[in-house]
Amino acid sequence: MIACRRSSAPRKSRSPIAVTADDGSRACVLEEAGYIRIVKAFVGRKPQAKMTLTAKGAKAFRDHVDYLEKIISPGQKSRAQDN
């Protein structure tokens, strides 16, 4: 979700997404690896975390998508080769 929007934060029009402890620990691992940046703040009395994809994370995501494209369409050029 973050890779498509460059950042992720709850919107007022949407209901909050339930985050489990596993999701939080995965986000911490991604942050430590330099793939995302997490900014935590309070909006009123409610805690809010905004996650933003870093340049390193965007490149890793594109590389992963290119790899998956090679698996499902062997012999075709990936998007990275077109650029």
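The values are calculated or read from the model by the stated rules, or taken from the named source; none is laboratory data. Just so you know, these numbers come straight off a predicted model, no measurement behind them. Cβ placement follows ideal geometry from the backbone for every residue including glycine, while neighbour counts extend to all protein chains displayed.
Restricting attention to segment 39-58, does a residue exist that is more than 18 Å from residue 24 (Cα to Cα), assigned to a loop (DSSP other than H, G, I, E, B) and either more than 21 Å from the chain's Cα centre (by Cα) or modelled with pLDDT under 85 (or both)?
Going residue by residue through segment 39-58, those that are more than 18 Å from residue 24 (Cα to Cα) are 43-45, 55-56, 58.
Next, only the ones that are assigned to a loop (DSSP other than H, G, I, E, B) stay: 44-45.
Those still in the list that are either more than 21 Å from the chain's Cα centre (by Cα) or modelled with pLDDT under 85 (or both) too: 44-45.
Yes, that holds for at least one residue.
What single numbered condition from (1) at pLDDT 85 or above; (2) out of contact with any strand residue (DSSP E or B) (no Cβ under 6 Å at 6 or more places or on another chain) fails to hold for residue 15?
The number of the failed condition is (1).
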